[in-house]
Amino acid sequence: MQIFLEKPNAVRLATLPPLALYAHLPWCVRKCPYCDFNSHERAGELPEREYVDRLLRDLEGLLPSVWGRPLVSVFIGGGTPSLFSPDSIDALLAAARARVPLDPDAEVTIEANPGTAEAGRFRGYRQAGVNRLSLGIQSFDDAKLKALGRIHSADEARRAIAMAQAAFDNVNLDVMYGLPGQTLAQARADIAEAARWGTTHLSAYQLTIEPNTVFFSKPPALPAHDAAADMQLVVEDALGAAGFEHYETSAFARPGRRCRHNLNYWEFGDYLGLGAGAHGKISLADRVTRHERAKPPREYLAQPGKATQTMVAPKELPFEFMLNALRLVEGVPEALFAQRTGLQAAVIASKLGLARAQGLLEDRTSRICPTRRGRLFLNDLLQIFL
Ligand code: SF4
């Protein structure tokens, strides 16, 4: 029998998790037919200054909850953040640094679209303090790029990678597989070229059809389930052979180059969410909270600093923690559960036992680590913690 001095579902965080910052810039040149992100086709000049001011209002509203805590990473995502000028990004980062201490070795990423790439622009971001660039390449096949509604050609993607590598020593390429009409040989050629560029990081996603997209209402012919599964194996093998470590469902990195910002999400760290539709998570000594902002840019701009704040119910924390941690190929130390959720390890002991008995988690008590079967049947594994 276990005796608890305190209610087992009381949240008590002995230490607070690392803190990151996410800023969402929601505009794109054109909306891609497969995209379900909070991204909106630009109409005329972007209100860059006004938007950066709003991001800073968001930040100021969150400061009382995170006084003194340094940022371990910053991620400027979208949308297409590279539509914003280096001056605007500089203004954002300088003002953020003046309000929250930034770790000396903090990772600062910006996302860019090869269709908006310019060498001077990339150098400008670097000078503003960005030290990692993430490029949405998706494919090196012009026909596939057209089918995806991308605004750039394969050669423009190649030029953008060369420009990115000239300005940054830490570059991620996003690549997709399972594209309309794609063969295994075409998927292999795409991933082989992506690997040949020698960037530090690759993210390889399978194209899926999401609700509220053009592809949902007019679905293209995608490779069958088994063919897409074969492509996933080809991607994993090719990147393993090229020296990348597969550390999360879709993420591959050179040794020492894992994305610290995303790792913080997967390890259930905290993050401040700024911008239209952004959401964030802040832990306090006795609770874990979330905040979320209006999605439509116009509505967001009309409500400076406004966010919906909620407390995560303690009974939901085990599932939320697992939803993130179980994406990691090597899992997490078992002790991280209590550190991040503030709950006692006993809360999930029987569920861990069940998942291990079913062969979904590795039989190691020091780590919570999905087996290969657990990764393949991730939903079944997560159900155990619901
Ligand atoms: S460029 Fe990226 S964010 Fe913009 S619509 Fe296309 S996929 Fe979505």
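The values are calculated or read from the model by the stated rules, or taken from the named source; none is laboratory data. On a predicted model such as this, the values are computed, not experimentally measured, just so you know. Cβ: placed from backbone, ideal geometry, glycine included. Neighbour counts: every protein chain shown. Quick note on the areas: whole protein, heavy atoms, side chains included, nothing else; ligands and nucleic acids left out. Shrake-Rupley method; radii C 1.70, N 1.55, O 1.52, S 1.80 Å.
Return yes or no: is Asn38 within 14 Å of the ligand (Cβ to nearest atom) and touching a Pro at 6+ places or on another chain (Cβ under 7 Å)?
When the stated conditions are applied, Asn38 passes them.
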Restricting attention to region 187-220, and to residues there that are open to solvent by less than 60 Å² (accessible area, probe 1.4 Å) and of a type in the set (S, T, N, Q), which single residue is farthest from Thr249 (Cα to Cα)?
Thr213
Condition first: in contact (Cβ under 8 Å) with a residue 40 or more places away in the chain, open to solvent by 10 Å² or more (accessible area, probe 1.4 Å), charged (D, E, K, R) and closer than 30 Å to Pro223 by Cβ. Can you find one or more residues in region 102-116 that meet it?
no
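Tell me which residues, restricted to region 32-56, are open to solvent by 50 Å² or more (accessible area, probe 1.4 Å), closer than 30 Å to Lys144 by Cα and touching a residue at least 24 places away in the same chain (Cβ under 8 Å).
Residues of region 32-56 that are open to solvent by 50 Å² or more (accessible area, probe 1.4 Å), as a first pass: 36-37, 40-45, 49-50, 53.
When the remaining residues are screened for being closer than 30 Å to Lys144 by Cα, the result is 36-37, 40-45.
Matches in region 32-56: Asp36, Phe37, His40, Arg42.
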Mind checking which residues of region 70-101 are among the basic types (Lys, Arg) and either open to solvent by less than 30 Å² (accessible area, probe 1.4 Å) or within 16 Å of the ligand (Cβ to nearest atom) (or both)?
none
For region 333-358, how many residues meet the condition of being of a type in the set (Gly, Ala, Ser), part of a loop (DSSP other than H, G, I, E, B) and open to solvent by less than 30 Å² (accessible area, probe 1.4 Å)?
1
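Among the residues of region 305-332, write down those that are in a loop (DSSP other than H, G, I, E, B) and either more than 22 Å from Pro370 (Cα to Cα) or not β-branched (Val, Ile, Thr) (or both).
Kept after step one, since they are in a loop (DSSP other than H, G, I, E, B), are these residues of region 305-332: 305-307, 312-313, 326-327, 329-331.
Once the filter is applied, which keeps residues that are in a loop (DSSP other than H, G, I, E, B) and either more than 22 Å from Pro370 (Cα to Cα) or not β-branched (Val, Ile, Thr) (or both), region 305-332 yields Gly305, Lys306, Ala307, Val312, Ala313, Leu326, Arg327, Glu330, Gly331.
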Which of the residues belonging to region 67-86 are touching a strand residue (DSSP E or B) at 6+ places or on another chain (Cβ under 6 Å) and over 20 Å from Ala117 (Cβ atoms)?
Arg69, Pro70, Leu71, Val72, Ser73, Val74
